[in-house]
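Peer 1: One structure follows; several queries about it will come next.
A short reminder: the numbers here are calculations on the coordinates, not readings from a lab. This structure is a prediction, so every number in the text was calculated from the model and none was measured. Note that each Cβ is placed from the backbone with ideal geometry, even for glycine, and that neighbours are counted across all protein chains shown.
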Amino acid sequence: MDTYPVSSKGLEKYYHIDRKQLGQHYKDHLSDYHSWNQKPHATKWMLFPENLGSYLSLDETALSNGELYTLLTNKAAKGRKDSIVAMIKGTRSEDISTILLKLPRKERQKVKEVTLDMAPSMNRIVDECFPRASKVIDRFHVQKLAYDALQEIRIKHRWETIDEEAEEMKYAAFKEREYKPTTFDNGDTKKQLLARSRYLLFKSQDKWSPNQKRRATILFAQYPDIKKAYDLTHSLRALFNSNKIKEVILTKLAVWYDKVEKAGFNSFQSVLKTMQAHYANILNFFDNRSANAAAESFNAKLKSFRSTVRGVRDLNFFLFRVAKIYA
């Protein structure tokens, strides 16, 4: 059964009690916070060996004032109780590995798979702490690289349009004329067209609204390079969605790499180099089609809980509550 966090503010609203007094009473008397065995080191690290499973996710999260924590979660728990295996302050691989190596060696060797992003530090952590685990680069991190490259091309055109418009306004003022920007048949100016196209470029064509289809038609006619970059991005997504056999994927990736090379986009060259550096771990996705969505979802739950309790004032006590709910 799912557990949902309740704040003293919520109880105050329905039961007409003093939330501050209730919160303090819970901390000092109703809970076992002061005898919690993780309390002396909770702000630096928390370990829950009993939650270790065969399939894990490794990610980072920001808790308070931008402080980053590395989070190791058990996928089998599906973001509920028993999810947290470890929560460690910082992202340095040496610091994280030192703590994770406290987990029983025999149990660490039973880990079959860890999903992670493309950070070299994450890679080193898995190699050192879970030597028998398969490393899986999250497909969404790969796709995000391609989306970022596409948006970079759109943004470049937008800045060029802003500069062009400024020059035209300056010239109109010099000639003492009223400036009238070029307007397309959907009512967008060039600048508006490029700004308003941001979200439609993230979506498949079959999910566009009628207005987005109309805008995309104009956008692609005006900027063929954006159309080419859009096709590259979404063909990569289709590759992840529709294929399961590694040998087939290797062939299709080679075709995709060739298309990127021929397109000549500098932004996509960075995507290509990153994918080539991590291709083995990217291909591991197709063994079980594993993604880091569970870690991202859990990260969202932590942020939601932080919002529910109106921020993190007492970090130690906040982590105690997180542990009670999710560990």
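Peer 1: With the chain treated as a Gaussian network of Cα nodes joined by springs under 10 Å, which of Glu50, Glu176, Glu168 yields the largest mean-square fluctuation?
Peer 2: Its mean-square fluctuation being the largest, the pick is Glu176.
Peer 1: Under a point spin-label approximation (7 Å from Cα along Cα-to-Cβ), what is the Ala254-Ile162 distance to one decimal in nm?
Peer 2: Once both label points are built, they end up 4.4 nm from each other.
Peer 1: For mean projected area of the Cα convex hull in nm², the listed values are (i) 23.5; (ii) 18.9; (iii) 17.7; which was obtained by calculation from the structure presented?
Peer 2: Step by step, mean projected area of the Cα convex hull in nm² for this structure corresponds to label (i).
Peer 1: Still on this structure, I have one more. Which entries in Lys144/Lys191; Lys227/Lys259; Lys207/Lys273; Lys89/Lys112 show an alpha-carbon gap greater than 22 Å?
Peer 2: Where the Cα-Cα span goes over 22 Å, the pairs concerned are Lys144/Lys191; Lys207/Lys273; Lys89/Lys112.
Peer 1: Could you please report the charge total around Ala62, scoring K, R as +1 and D, E as -1 over all other residues with beta-carbon less than 12 angstrom from its beta-carbon? Can you show the working numbers first?
Peer 2: Working: positive: Lys89, Lys303, Arg306; negative: Asp59, Glu60, Glu67.
Computed value for this residue: 0.
Peer 1: Further question: By how many nm would the segment from Ser304 to Ala195 grow when fully extended, if each residue of separation counts as 0.36 nm and the alpha-carbon distance is taken off?
Peer 2: 36.3 nm
Peer 1: Tell me the label-point distance for the pair Asn241, Lys262, using the 7 Å Cα-to-Cβ offset, in nm and rounded to one decimal.
Peer 2: Roughly 2.3 nm, to one decimal.
Peer 1: Farthest toward the dipole's positive end in the chain, which of Gln143, Thr274, Gly187, given Cβ charges of +1 (Lys, Arg) and -1 (Asp, Glu) about the Cα centre?
Peer 2: Toward the positive end, the furthest listed residue is Gln143.
Peer 1: Separate question: What number, rounded to the nearest 500 deg cm²/dmol, is the helix-based mean residue ellipticity at 222 nm of the chain, given -39500 (n - 2.57) per DSSP H run of at least four residues and division by all its residues?
Peer 2: One gets -17000 deg cm²/dmol as the mean residue ellipticity at 222 nm.
Peer 1: Using a 10 angstrom cutoff on alpha carbons, build the Gaussian network for the chain and name the most mobile of Ala77, Ala172, Ala119.
Peer 2: Ala172
Peer 1: Right, another one. Considering the options Met122, Leu101, Gln212, tell which one lies farthest towards the positive end of the dipole of the chain, charges being +1 on Lys and Arg and -1 on Asp and Glu at the Cβ, about the Cα centre.
Peer 2: Working it through, the farthest residue towards the positive pole turns out to be Leu101.
Peer 1: With both bridge residues required to lie in the chain, what share of the DSSP beta bridges run antiparallel, to the nearest 5%?
Peer 2: Given both bridge residues lie in the chain, the antiparallel proportion sits at roughly 70 percent.
Peer 1: Another question, if that's okay. Looking at the chain, do any whole DSSP H helices span at least 20 angstrom along their long axis by alpha carbon and average -1.0 or above on Kyte-Doolittle, and which?
Peer 2: Membrane-span-like by this rule: 139-174, 224-242, 246-263, 293-308.
Peer 1: If you don't mind, there's one more thing I want to ask. Could you identify which residue out of Thr70, Thr161, Thr182 has the top mean-square fluctuation in a GNM of the chain using Cα springs shorter than 10 Å?
Peer 2: Answer for the Gaussian network model of the chain: Thr182.
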